[in-house]
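> Before we start, here is the structure in question, set down as structure tokens.
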């Protein structure tokens, strides 16, 4: 199939390139319009009790959120001075009509919570007409300044807007940093400008194609702005991986095949199959995110899958078409002579498959397989141990860089103003009778008293009522993200609702409680789907039931090491100064799920590259040890180069000022380093030496299934009678 595809693309290469250019032009115009259709946030479960509580309260009682918080301060005046009030009221009255639905100040409400302890600062709470409206925030921001007072702007909507704006600016900065470095490294690694340009062409196609797919998704569902990050990382990273693998194989084939068409067909029959298996495997891993109801995770799944599949399709269509047009000129504009002069390296014969550095490393590892296995597994388990004490939390203003205005407002209010009496938990009570009726009022008061008596509750107060619905604020003095607060949410939910009524418990602590329950309930299903489909795919690729199990176990070790580092760095705060973030004492709950999907996919990417060559050699020789050493010799440099280039992309995004985006980047950095070094270079050869021929075991019926439907690649015909060795004999 893939060989035939290669020949078709060779004959229609100009049409393929022309159609791809037309698609890229369309994607550049229409696809990039997705930025205006994306949303922020999306970390909550929309079907949870806390989300329903928010919806019922907004529908029956009106919105009660602090969209915009305007902090005012005077060095000389207090809020009791008429001039202070006059300045604030004047600025708020001057706001454009139709943008602000309600304004609450100290003077309109009399609430002492709106005045600082020194009475020189106060804040006004604005509810926007259309909720978190970025355009409305931009229009009123400059009009909020009060003459003679220091003015700062924050609030939930402003924090989300600042996060979205920072994500966009961070992407532009990451691309400006990474692309020049990538270009230089690609030229050095490929040895020519012509070859180095090919992965970049695939990367641009993948990114724009994924943006186009996301815009299509946005027409039917919400898509988070944060999906842009994963599209850029995955699209560019896998384009480099696939470009390296395909171009390297084409260079091999062009030297030993009689013409370009045959060389391209053999490249597609071998490396093309591997790219297809890799792309589908990575896409399956990211597809696991689609079962979660959180917009953030589903958007990452949409974006990641789109980037992977477009990169794979571009590598199987556009890249071979470009290779067909270049032919031997793939090495045009070579820099190797210049590099040899600079580093004073003479021209030498290329290493053979049984003399290269990776071949020697593989044999060195396989001479002491037990020792290498025990040491590497111990190191990986040790790196994973911190994850045993992980604490999960949500996202607040500390996700922004220190000094960001909206973060400063939140921190100032928390430090210098009285504690918020409403607390992090609220109950929305729906009664069978009107709240202002004797029966309804008595039932509501009975419920409030019962909630106030729950151990840990510091008070319960009715903060709003209309018709048959009331909002009850439940005070709690502790950390709203802590396990104790989540336990208190469950205790409040255990309080019986008034007879004939319904109670929905929401608020900050309840949102986190519901999020963790949702993730915990769906994570096993995600694991089952991803593991089972990956197992089947790897079996079809390698014809063994042992290798997929080994690959899955090694992935668990790589992921565990990355998760342990996340806790040590972001929860415990190590390296917070170097990485420039504020530790919170917890890990945002959705990030490990996202990191799990990404790392699992990338690890399988490298696994497929390496095992494809090992399987190829085993089919030819029947010698397990030689196959492992030869496979590592052929792919060790490619995997290392791909990992280095991917690290450049990830490192640029790890500079993000948004903590949870930085967390994703750092986790990927650690996982790629661990997987490309400890796992692929040390653990894979050692375990395959220990297992011997057992690596290739499959029951008789499955062997026949593989013989008929397996996804194989080889340099020639499989040997009819490969030499068999006892498991572990060599």
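> Mind checking the angle between helix 227-256 and the chain's longest principal axis? C-alpha axes, 0 to 90 degrees, to the nearest 10.
With rounding to tens, the tilt is 0 degrees.
> Counting helices only, and only those DSSP H runs with n ≥ 4, report the 222 nm mean residue ellipticity of the chain as the sum of -39,500 (n - 2.57) divided by its residues, in deg cm²/dmol to the nearest 500.
Working: 27 runs with 439 residues, N = 730.
Counting only the DSSP helices, I get -20000 deg cm²/dmol.
> Still on this model: As a footprinting exposure proxy, order 145, 109, 91 by other Cβ within 10 Å, with the fewest listed first. List each step's numbers first, then the result.
Details: 145 16, 109 12, 91 20.
Ordered by Cβ neighbours within 10 Å, fewest first: 109, 145, 91.
> Moving on to the next point. Under the definition of Cα pairs under 8 Å and six or more residues apart, what whole-number percent is the relative contact order of segment 149-258? All intermediate terms of the calculation are to be shown ahead of the outcome.
Details: 49 pairs, mean separation 32.1, N = 110.
Relative CO of segment 149-258 lands at 29 percent.
> Label residue 255 and residue 21 with points 7 Å out from Cα along Cα→Cβ: what is the distance between them in nm?
About 3.3 nm, to one decimal.
> Here is a follow-up. Measure nothing but the geometry: give the 0 to 90° angle between the long axis through the Cα atoms of 369-384 and the longest principal axis through the Cα atoms of the chain, rounded to 10°.
Between helix and principal axis, roughly 10 degrees.
> At a Förster distance of 35 Å, what's the computed FRET efficiency of residue 221 paired with residue 95, Cβ-Cβ distance as r, to 0.05? Please report the intermediate quantities before stating the final value.
Numbers: r = 33 Å, r/R0 = 0.95.
Efficiency at R0 = 35 Å is approximately 0.55.
> Would you please put 15-26, 680-691 in order of how densely packed they are, using the mean number of other Cβ atoms within 10 angstrom per residue and starting with the highest? Before the final figure, lay out each step's value.
Numbers: 15-26: 15.0, 680-691: 23.3.
My ranking of the peptides, most packed first, is 680-691, 15-26.
> Relative to the present Cα-Cα distance, how much length would full extension add between residue 450 and residue 104 at 0.36 nm per residue of separation? If you can, show how the numbers build up before the last one.
On the way: separation 346, 0.36 × 346 = 124.56 nm, distance 3.05 nm.
Working it through step by step, the gained length comes to 121.5 nm.
> Okay, moving on. Just need the relative contact order of the chain here, percent rounded to a whole number, with Cα pairs under 8 Å and 6+ apart.
On the way: 1270 pairs, mean separation 135.9, N = 730.
Dividing the mean separation by the residue count of the chain yields 19 percent.
> Kirkwood hydrodynamic radius (Cα pairs, Å) of segment 425-506?
12.6 Å
> Defining a contact as two alpha carbons under 8 Å apart and six or more residues distant in sequence, what relative contact order in percent does segment 425-506 show? Please list the in-between numbers first.
On the way: 143 pairs, mean separation 34.3, N = 82.
Relative contact order for segment 425-506 comes out at 42 percent.
> Answer rounded, prolate or oblate for segment 133-231, using the Cα gyration tensor with square roots of eigenvalues a ≥ b ≥ c: rounded when a/c is under 1.5, else prolate when a/b is larger than b/c, else oblate.
Values: a/c = 4.63, a/b = 1.99, b/c = 2.32.
Cα axes put segment 133-231 in the oblate bin.
> Compute the Cα gyration tensor for segment 67-154, then decide on rounded, prolate or oblate, letting a ≥ b ≥ c be the square roots of its eigenvalues: rounded whenever a/c is under 1.5, prolate when a/b is larger than b/c in the other cases, and oblate in all that remain. Walk me through the numbers before you get to the answer.
On the way: a/c = 2.01, a/b = 1.69, b/c = 1.19.
It is prolate, given that a/c is not under 1.5 and a/b is the larger ratio.
> Take the alpha carbon gyration tensor of segment 508-619, find the square roots of its eigenvalues, order them as a ≥ b ≥ c, and report rounded if a/c is under 1.5; if not, report prolate when a/b exceeds b/c, else oblate. Don't skip to the answer; put the middle values down first.
Numbers: a/c = 4.00, a/b = 1.78, b/c = 2.25.
Oblate, since a/c reaches 1.5 and b/c is not below a/b.
> What do you get for the angle between helix 590-621 and the principal long axis of the chain? Use alpha-carbon atoms, 0 to 90 degrees, nearest ten.
Rounded to the nearest ten degrees, it is 10.
> Whole Å is fine, so just give me how far the alpha carbon centre of segment 480-548 lies from that of segment 291-316.
22 Å
> Can you match Rg/Rh (Cα atoms, Kirkwood Rh) to one of these, [x] 0.97; [y] 1.13; [z] 1.05, based on a calculation from the structure here?
The value computed from this structure is option [z].
> Note the full-extension length gain between residue 78 and residue 483 as 0.36 nm times their separation in residues minus their Cα-Cα distance, in nm to one decimal.
Values: separation 405, 0.36 × 405 = 145.80 nm, distance 3.94 nm.
Between residue 78 and residue 483, full extension yields an extra 141.9 nm.
> Arrange the peptides 306-318, 231-243 so that the one whose residues have, on average, the most other Cβ atoms within 10 Å appears first.
On the way: 306-318: 25.8, 231-243: 28.9.
The densest-packed peptide leads the list: 231-243, 306-318.
> To check you understand DSSP bridge types, tell me what percent of the beta bridges within the chain (both residues inside) are antiparallel, rounded to 5. If you can, show how the numbers build up before the last one.
Working: 35 of 38 bridges.
Of those bridges, close to 90 percent are antiparallel.
> Grab the alpha carbons of segment 39-117, take their convex hull, and tell me the volume per residue in Å³. Don't skip to the answer; put the middle values down first.
Working: hull volume 12.9 nm³, N = 79.
In segment 39-117, the Cα hull volume divided by residue count equals 164 Å³.
> Peptides 660-671, 186-197, 401-412, 594-605: what's the order by average Cβ count within 10 Å, highest mean first?
Values: 660-671: 23.1, 186-197: 19.7, 401-412: 17.4, 594-605: 26.0.
Output ranking for 660-671, 186-197, 401-412, 594-605: 594-605, 660-671, 186-197, 401-412.
> With r as the distance between the Cβ atoms of residue 169 and residue 117 and R0 = 41 Å, compute the FRET efficiency 1/(1 + (r/R0)^6) and round to 0.05.
On the way: r = 36 Å, r/R0 = 0.88.
Plugging the Cβ-Cβ distance into 1/(1 + (r/R0)^6) gives 0.70.
> Continuing with this model, one more query. Could you calculate the FRET efficiency of residue 4 with residue 55 from 1/(1 + (r/R0)^6), where r is the beta carbon distance between them and R0 is 51 Å, rounded to 0.05? Please list the in-between numbers first.
Working: r = 55 Å, r/R0 = 1.07.
Rounded to the nearest 0.05, the efficiency is 0.40.
Values quoted throughout were computed directly from the atomic coordinates according to the rules given, and no laboratory measurement underlies them. Source: prediction; values computed, not measured. All Cβ positions, even for glycine, are placed from backbone atoms using ideal geometry, and neighbour counts span all protein chains on display.
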